[in-house]
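What follows is a set of notes on a single structure, which appears directly below.
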Amino acid sequence: MRKWMIIFFCHMMVLPQIAFGQPEKAASPNANQYIIGSGDILEIITWKEADFTRNDVLVRLDGKITLPLLNDVQAAGKTPMELKKILEKILKDFVASPVVTIIVKSAGSQKFYILGEVMNTGEYPIMKELTVLQAFALAGGFTQWASKKEIILLRYEGNEEKRIRIDYKRIIRGKDLDSNMKIKANDTIIVP
């Protein structure tokens, strides 16, 4: 029962923002584009060229994919459109006018982790835009021992680790709504 009350309360905090159209912050031009990452599975279609069409191409841990005659190509860190252009340029050595389509079949790189005093710790897929409060709801809410004022979000940007302190109680009171930030791939939330 307590679990459902927490989930209900979290939804009640988010719904007014949606209903009353809170203005979104201006996004950078590439903010809404999908970035390919290690663990993603791609389908690469080269129009009218079956030899250069591949299903289920895994983006390896080193961020590369392997294709016949092309060997290793860096895919991680690129948008599907950027990878398309790279492959079309390389394929010009083998095909007169290559037209490549990149489809992300499985977004295996888009996961976050939640550890500590939550009901269900573990790895969760990011299937849509997800906030910190929604992440707690996915994890089934807090245990009775959770310290809701000292939650840490670990985020890696480039080679730098950021530690972001999250005070759940301030968020639900409406005093620190900026801390209810969007989850990014490879974020780790630690609830002490």
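For this structure, a couple of remarks:
- Residue in segment 103-120 that is over 30 Å from GLU43 (Cβ atoms), acidic (Asp, Glu) and in contact (Cβ under 8 Å) with a residue 60 or more places away in the chain present: yes
- Test: residue in segment 78-93 that is part of a loop (DSSP other than H, G, I, E, B), at pLDDT 95 or above and in contact with a helix residue (DSSP H, G or I) (Cβ under 8 Å, 6 or more places away or on another chain): yes
- Which numbered condition VAL73 fails, given (1) within 14 Å of ASP40 (Cβ to Cβ); (2) of a type outside the set (Ser, Thr, Tyr); (3) in contact with an Asp or Glu (Cβ under 9 Å, 6 or more places away or on another chain); (4) assigned to a strand (DSSP E or B): (3)
- Inspection of segment 91-113 finds no residue satisfying the criterion of being of a type in the set (A, V, I, L, M), buried (at least 18 other Cβ atoms within 10 Å of the Cβ) and within 12 Å of the chain's Cα centre (by Cα).
- Residue check for ILE151: closer than 28 Å to ILE36 by Cβ, crowded, with 16+ Cβ neighbours inside 10 Å and either more than 17 Å from the chain's Cα centre (by Cα) or of a type in the set (Asp, Glu) (or both): no
- Strands (runs of 3 or more DSSP E) fully within segment 133-192 that include at least 3 residues being within 11 Å of ILE114 (Cα to Cα): 151-157, 188-191.
- The one condition in (1) in contact with a strand residue (DSSP E or B) (Cβ under 7 Å, 6 or more places away or on another chain); (2) under 26 Å from TYR34 (Cβ atoms); (3) assigned to a loop (DSSP other than H, G, I, E, B) that MET127 fails to fulfil: (1)
- Residue match in segment 91-98 (condition: among the aromatic types (Phe, Trp, Tyr) and assigned by TED's automatic domain parsing to the domain that holds ASN55): yes
The values are calculated or read from the model by the stated rules, or taken from the named source; none is laboratory data. Predicted, not measured: the structure shown is a model, and the values here were computed from it. All Cβ positions, glycine included, derive from the backbone under ideal geometry; neighbour counts span all protein chains shown.
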